[in-house]
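Since the structure comes first, as structure tokens, the remarks are kept for the end.
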Amino acid sequence: EARNQDKAEKEKVEARNQLEAYLYNLKNSVSDQLEGVLGEDDKEQLNNTVEDALVWLEDNPAADKADYDSKQKEVESVANPILKKAYESANNSAGGASGEDDDFMGEDLDGVDDGPSVEEVD
């Protein structure tokens with residue numbers, strides 16, 4: 001019984017940490033790597049989505065794993081199309097495909113099969 005509770009608590013904490021890390025990485029990318037690449041509307045929409053999710057995180061400290069996973073999918077549904085468009089326009093303005101992959105934080109945005117990947121396991 002206690003072992004199951006510990007496992008559930010660990011999964012919840014990991015899901016929360018994963019969402020929080022994703023949000024902060026996204027926020028930093030908008031202000032760093034994507035500066036000048038994103039249109040103002042897209043930049044504003046991404047920033048608002050990230051800020052709303054960060055507020056949600058603060059307001060829902062007792063959320064369960066499913067809630068955190070759902071919130072991350074919600075943010076990704078807004079962010080991924082904007083990021084894909086930004087990376088495509090950046091690649092196009094850089095003289096076409098440079099052979100570099102435009103995946104963002106492990107999310108396959110370009111649809112290219114990058115082959116096998118190594119997952120970090122604790």
For Lys7, counting only lysines whose alpha-carbon sits under 18 Å away and dropping same-chain residues fewer than eight positions off, the answer is Lys65
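How charged is the neighbourhood of Val50? Take every other residue with its Cβ under 12 Å from the Cβ of Val50, and add Lys/Arg as +1 and Asp/Glu as -1.
That sum, taken over residues with Cβ under 12 Å, equals -3.
Every read-out reported here was derived from the displayed coordinates using simple, explicitly stated rules and does not represent laboratory data. Everything numeric in this text was worked out from a predicted model, so none of it was measured. Please note: Cβ atoms are built from the backbone with ideal geometry, for glycine as well, and neighbour counts cover all protein chains shown.
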